[in-house]
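**Q** Next up is a structure, given as structure tokens.
The values are calculated or read from the model by the stated rules, or taken from the named source; none is laboratory data. What you see is a predicted model, and the numbers here were worked out from it, not measured in a lab. Positions of Cβ are backbone-derived with ideal geometry, glycine not excepted, and every protein chain shown enters the neighbour counts.
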Amino acid sequence: MPLAGRRGPWHAGTIVIQSRALTFRTIRPNDDAALAAANYRDAHFASYGAEGRYQGDENYVTWLRERVEEYPDGHVLAFFDEACVGQLELQVPYGLTTGYVNLFYVTPPFRQQGYGRLLHDFAERYFRSWEAARIELDVTRTNHRAINFYRHLGYRVTRARGFAWRMAKALP
């Protein structure tokens, strides 16, 4: 785990953040609409670029409201103190043993500091609680940072679909 705000001779010139426990809570679409939409929009543009067909905040929040109602524990915001660290949108459709990640988002100030792994730990616990044996997600072929992150966590490409790859990981 990273060490907070400490510099040492072994980390010359590098600031490392100590990971205290994150607080996860269900997204409240009415209260969190602006934050959730901003996170989704940023993730969308990082994946698809300015040419992506973003459907707009209002359409996204409408979709989110339905998903939160169906999978409340899988649609969460993660906080470190008062700062939003990230957002997860997870689901395990009834009767299936494969969980799906709709959104895995770490806010820019918290990237590359170990918080993505903490969000993933939450995702794995969520999927296990629904007795999923496997996790799947889609990632655009040009999102190299995300692809490397997922590979580091044990995901493998299972198929290519247009501009995206489906990646999957078996849950131990």
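**Q** Please name all residue pairs, on different chains or six or more residues apart, with Cβ atoms under 6 Å, provided the first residue is in the range 43-63 and is touching a residue at least 60 places away in the same chain (Cβ under 8 Å) and the second residue is part of a loop (DSSP other than H, G, I, E, B) and of a type in the set (Asp, Glu).
**A** Within 6 Å, no pair qualifies.
**Q** Among the residues of the range 23-49, write down those that are outside any helix (DSSP H, G or I) and either within 18 Å of residue 144 (Cβ to Cβ) or in contact with a Ser or Thr (Cβ under 9 Å, 6 or more places away or on another chain) (or both).
**A** Correct list: 49 only.
**Q** Return the residues of the range 18-76 that are within 25 Å of residue 109 (Cα to Cα), basic (Lys, Arg) and either at pLDDT below 90 or surrounded by 17 or more Cβ atoms within 10 Å (Cβ to Cβ) (or both); say none if nothing qualifies.
**A** 20
**Q** So for the range 32-43 (the condition being over 21 Å from residue 121 (Cα atoms) and of a type in the set (Ser, Thr, Tyr)), does at least one residue qualify?
**A** Within the range 32-43, not a single residue is over 21 Å from residue 121 (Cα atoms) and of a type in the set (Ser, Thr, Tyr).
**Q** Looking at 99, 114, 86, which is the one that is out of contact with any strand residue (DSSP E or B) (no Cβ under 8 Å at 6 or more places or on another chain) and among the small types (Gly, Ala, Ser)?
**A** When all the criteria are applied, what remains is 114.
**Q** For the range 147-172, which positions are buried (at least 20 other Cβ atoms within 10 Å of the Cβ) and in a helix (DSSP H, G or I)?
**A** Listed by number, the list holds a single entry, 150.
**Q** I've got another one for you. Which one is surrounded by the most Cβ atoms within 10 Å (Cβ to Cβ) among residues in the range 81-113 that are assigned to a loop (DSSP other than H, G, I, E, B) and under 13 Å from the mean Cα position of the chain (by Cα)?
**A** Among those that are assigned to a loop (DSSP other than H, G, I, E, B) and under 13 Å from the mean Cα position of the chain (by Cα), it is 107.
**Q** If we scan the range 121-139, do we find a residue that is of a type in the set (Val, Ile, Thr) and surrounded by fewer than 16 Cβ atoms within 10 Å (Cβ to Cβ)?
**A** Among the residues of the range 121-139, not one is of a type in the set (Val, Ile, Thr) and surrounded by fewer than 16 Cβ atoms within 10 Å (Cβ to Cβ), which makes the answer no.
**Q** Can I ask one more? From the list 139, 101, 68, 92, which residue is within 17 Å of residue 29 (Cβ to Cβ) and of a type in the set (Val, Ile, Thr)?
**A** Just a single option satisfies the conditions, and that option is 68.
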